[in-house]
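Notes follow once the structure below has been shown.
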Amino acid sequence: MATEILMPALSPTMEEGTLAKWLKKEGDEVKSGDILAEIETDKATMEFEAVDEGILGKILIQEGSEGVKVNTPIAVMIEEGESADDIEASSSPASSGDAAPAESKAEPTPAASADAGPQTPSANASPDWPEGTKMKSMTVREALREAMEEEMSRDETVFLMGEEVGEYQGAYKISQGLLDKFGPRRVVDTPISEYGFAGIGTGAALAGLRPIVEFMTFNFAMQAMDHIINSAAKTLYMSGGQMGCPIVFRGPNGAAARVGAQHSQDYAAWYAAIPGLKVVMPYTAADAKGLLKQAIRDPNPVIFLENEILYGRSFEVPDLEDFTIPFGKARIARSGKDVTIVSFGIGMAHSLEAADKLAEEGIEAEVIDLRTLRPIDYGTVIESVKKTNRLVTVEEGFPVGAIGNHISAYVMENAFDWLDAPVINCTGKDVPMPYAANLEKHALITAPEVVEAVKKVTYK
Amino acid sequence: MARKPAAAKDAPANISKDDLLQYYRDMLLIRRFEEKAGQLYGMGLIGGFCHLYIGQEAVVVGLEAAAKEGDKRVTSYRDHGHMLACGMDPKGVMAELTGREGGYSKGKGGSMHMFSREKHFYGGHGIVAAQVPLGAGLAFADKYLGNDNVTFTYFGDGAANQGQVYETYNMAELWDLPVVFVIENNQYAMGTSVKRSTKSTSLFGRGAAFGIEGEQVDGMDVLAVKAAGEKAVAHCRAGKGPYILEVMTYRYRGHSMSDPAKYRTREEVQKMRDERDAIEHVRDLLLQGSHASEDELKAIDKEIKEIVNESAEFAKESPEPALDELWTDIYAADLPQGSAEENA
């Protein structure tokens, strides 16, 4: 049976090319893999190989022809015993009709994608634990350690790996005592190889374990970014839902004190930009514990951003056998009617300090702790803005592409008519972190700056 | 055709006629499948990047012959051969290449990103060498769970110059992970030959710096690959940690579909095809050992061609994914099938 040979597409973008040279002539026997012709694209001259064997019956496009469209029949192959004369009728150019994939009939409309994308949920105001629960004072450090200890006791597939997590008892003592309790099989000291162990952890998660990968600080996770994003976050999607990756990447994030530019950066906005990741950034010890336990149980990759300065701070934590806090549920840390302050992580410390100060001057701020940045509890933010009509966001990260930018855009789209003033984003300054004490203080966001922003939006 | 007489010796006594026929069939399936993929690419049915495995067939077929049920495999973007060799359905692979609903990733992965829990195939990774720590991680899980599975972690001579390979070597040996590192040395990292990229051209030899044993293998001889694979796997299953196989092979086609391959001569490629072709080698063994007649082999050729044509038809007819698929599989609600319990 005669088969047409079509002008091939030799690159992802090629639409036409020049048939530079035929290396076989009519009547030649052709084996699979033989080079039939040379074809010039806009990028290169490519050799075009035969796929099937047979005889080159007829050349339809002569060499030297320019602008030959992809899928145009350029020659006809025949089998032994067939004659080239039989093929005239069959070689009409229209026969390439079945070559192109069917065009999508319905392109997704913006409306359709908005439907399936982030919804505006209503605020979930249910308490995180039952009223009357006994509380105990605990540092964030202890809360994180307890969360890991409880989850490792609960699920044999949970293990901790990272630099100095075992014998050293943790660079920041978050994993203190875990090696003694669980042994080296489940508390794994790694060499200083962030890229490598982030990949090994991800591989273990693809195989069904639940690794907790500790980065000594998230500054070092930049070396592991490829595995966090390309391997952990995207594999479920790329596999059509086959390959889940239940892994937690955790460690201190943001500025510590006087450690300079390379060790002082808030990555919240970076990770929050990535579909496939969940991103948590707690402020209180109770949230640190409840959210870390939730992160370890989550079947997806979770980025858990801690803060070195908060590790030693004490908060009231519910004295419960087992409690978790769901993702995507903000916490109203302080109620108020005059302005909404939205923050997360250590930004909450500055926000609450500012709110106290503002209260002395008769301005009642409502302070919302987002707690998770992916998913974000938009509902609580919108409801609050509809009440206060004013919004200030507070975070430590850089000002360009900040979480506050995103919240502002969302509020503008969804509650524009309720705003009585432009939204102000309080962020870290747009500079690498300086070392000098006075400069570092100026680079960071402070409570007085939040007070000033609130006064601006309340026209006080 | 001028063939070196040395190319076809008698098969070793422990290789049966059925084994040889199976290798012939498996390698031919990959070759014909890839030729068809190249053809569909030329017709615009396959888009983007498409890296063909033609010439390297003996590597995966030889190593699969050394694997047992439960063993895992992970590789780079040149992955079609690996999937066919571990028993994945040619229809599902081809339909993924055409970006259709019937593909292994429902059309959302493409040529470089396919997976199969059932066949323990963990991708299909597009970032050069990223699969190396992932493979060690799969092996970490098997060791953690206390089973005797081994992970075949494939990467190329190009990937061998990535830093994360050596971070992984260090940890794999430190923790005695049951992983076979398979360096598919096809001699060109895209257009850069091994000699132009390193003075340390014994790639398996680099493992010695970490205490990892390894060897170089003739990757155009499926029986040599199988024998080396069995040795490597035995090493891993015995709890002795990782093993490196540097398999010397050759890719006949360009790096990807848009590579004109001007960095090597046509004669060099032709010489490999004429003198060292892995499929012709097994064909010679079958014919010279009177294990099969020309007619029997022709029948196999025909059968393979039919399988490949069916896969192409399926890949053309399978519909494009529904638009809802854009929004699915970003987050898992629960752990998918095949989690730790299954591996235990």
For this session: Could you grab the pairs with beta carbons closer than 9 Å, sequence gap of 6+ or different chains, first residue in the range B:211-229 and polar (S, T, N, Q), second one in a loop (DSSP other than H, G, I, E, B)?
Result: B:Q216/B:S202; B:Q216/B:L203
Exercise. Mind checking whether some residue in the range A:381-390 is modelled with pLDDT of 95 or more, over 13 Å from A:G336 (Cβ atoms) and of a type in the set (S, T, Y)?
Worked result: no
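Do we have any residue at all in the range A:285-304 that's free of Cβ contacts under 8 Å to residues at least 24 places away in the same chain and either buried (at least 18 other Cβ atoms within 10 Å of the Cβ) or under 30 Å from A:P434 (Cβ atoms) (or both)?
No, that holds for no residue.
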Problem set entry | Residues that are more than 10 Å from chain B (Cβ to nearest Cβ) and in contact (Cβ under 8 Å) with a residue 60 or more places away in the chain, drawn from the range A:1-56 | A:M1, A:A2, A:T3, A:E4
For this session: Working only within the range A:184-220, note down all residues that are away from chain B (no Cβ under 12 Å) and not acidic (D, E).
Result: A:V187, A:I212, A:F215, A:M216, A:T217, A:F218, A:N219, A:F220
Exercise. Do you know which residues across the range B:116-143 are facing another protein chain (nearest Cβ under 7 Å), closer than 23 Å to A:D189 by Cβ and aliphatic (A, V, I, L, M)?
Worked result: B:L134, B:A136, B:L138, B:A141
Seminar exercise, completed: Checked the range B:258-305 for anything among the β-branched types (V, I, T), part of a helix (DSSP H, G or I) and under 30 Å from A:E40 (Cβ atoms); matches are B:V269
Exercise. If we keep just the residues of the range A:233-264 that are at the interface with chain B (Cβ under 10 Å from one of its Cβ atoms) and outside any loop (DSSP other than H, G, I, E, B), which is nearest to A:P432 (Cα to Cα)?
Worked result: A:A233
Problem set entry | Number of the condition not met by A:D420 [criteria: (1) within 20 Å of A:D266 (Cβ to Cβ); (2) without any contact (Cβ under 8 Å) to a residue 60 or more places away in the chain; (3) acidic (D, E)] | (1)
Exercise. Among the residues of the range A:323-341, which ones are crowded, with 20+ Cβ neighbours inside 10 Å and over 16 Å from A:A288 (Cα atoms)?
Worked result: A:V339, A:T340, A:I341
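With respect to A:F182, determine if the residue is within 30 Å of B:A160 (Cα to Cα) and surrounded by fewer than 24 Cβ atoms within 10 Å (Cβ to Cβ).
no
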Exercise. Can you tell me which residue in the range B:144-168 is nearest to B:M248 (Cα to Cα), limited to those that are more than 9 Å from chain A (Cβ to nearest Cβ) and in contact with a Pro (Cβ under 8 Å, 6 or more places away or on another chain)?
Worked result: B:V150
For this session: Answer with yes or no whether B:E296 is of a type in the set (D, E, K, R), closer than 30 Å to B:G135 by Cβ and modelled with pLDDT of 95 or more.
Result: no
Exercise. Out of all the residues in the range B:227-268, which are farther than 19 Å from B:Y154 by Cα and modelled with pLDDT of 95 or more?
Worked result: B:A238, B:G239, B:K240
Problem set entry | Residue list for the range B:100-115, filter: crowded, with 24+ Cβ neighbours inside 10 Å and more than 10 Å from chain A (Cβ to nearest Cβ) | B:S111
Exercise. Looking at B:G87, is it farther than 25 Å from B:R237 by Cα and either at the interface with chain A (Cβ under 8 Å from one of its Cβ atoms) or surrounded by fewer than 24 Cβ atoms within 10 Å (Cβ to Cβ) (or both)?
Worked result: no
Exercise. Just wondering, is there one or more residues in the range A:265-279 that are within 14 Å of chain B (Cβ to nearest Cβ), touching a helix residue (DSSP H, G or I) at 6+ places or on another chain (Cβ under 9 Å) and under 22 Å from A:H350 (Cα atoms)?
Worked result: yes
Exercise. Looking only at the range B:269-284, which residues are over 18 Å from B:G81 (Cβ atoms) and among the acidic types (D, E)?
Worked result: B:D274, B:E275, B:D284
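Okay, residues lined up against (1) of a type in the set (A, V, I, L, M); (2) touching a strand residue (DSSP E or B) at 6+ places or on another chain (Cβ under 6 Å); (3) assigned to a loop (DSSP other than H, G, I, E, B); (4) at pLDDT 70 or above:
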{"position": "A:A114", "(1), (2), (3), (4)": "yes, no, no, no"}
{"position": "A:N124", "(1), (2), (3), (4)": "no, no, yes, no"}
{"position": "A:E131", "(1), (2), (3), (4)": "no, no, yes, yes"}
{"position": "A:S153", "(1), (2), (3), (4)": "no, no, no, yes"}
For this session: Would you be able to say whether some residue in the range B:279-299 is touching a His at 6+ places or on another chain (Cβ under 7 Å) and in contact (Cβ under 8 Å) with a residue 24 or more places away in the chain?
Result: no
For this session: Quick one: in the range A:335-373, of everything that is of a type in the set (S, T, N, Q) and touching a Lys or Arg at 6+ places or on another chain (Cβ under 9 Å), which residue is nearest to A:E395 (Cα to Cα)?
Result: A:S351
Seminar exercise, completed: Residues of the range B:65-84 being more than 8 Å from the chain's Cα centre (by Cα) and either within 14 Å of chain A (Cβ to nearest Cβ) or surrounded by 24 or more Cβ atoms within 10 Å (Cβ to Cβ) (or both), in sequence order, are B:G70, B:D71, B:K72, B:R73, B:V74, B:S76, B:Y77, B:L84
For this session: Scan B:L20, B:L97 and give me the residue that is more than 14 Å from chain A (Cβ to nearest Cβ) and modelled with pLDDT of 95 or more.
Result: B:L20
Problem set entry | Matching option when the condition is outside any loop (DSSP other than H, G, I, E, B) and of a type outside the set (D, E), among B:L21, B:L52 | B:L21
Exercise. For A:G162, which of the numbered conditions (1) farther than 25 Å from A:D287 by Cβ; (2) among the small types (G, A, S); (3) buried (at least 24 other Cβ atoms within 10 Å of the Cβ) fails to hold?
Worked result: (1)
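The values are calculated or read from the model by the stated rules, or taken from the named source; none is laboratory data. Owing to the predicted nature of the structure, the values given are computational and were not obtained by experimental measurement. Positions of Cβ are generated from backbone atoms using ideal geometry, with glycine treated the same way; all protein chains shown enter the neighbour counts.
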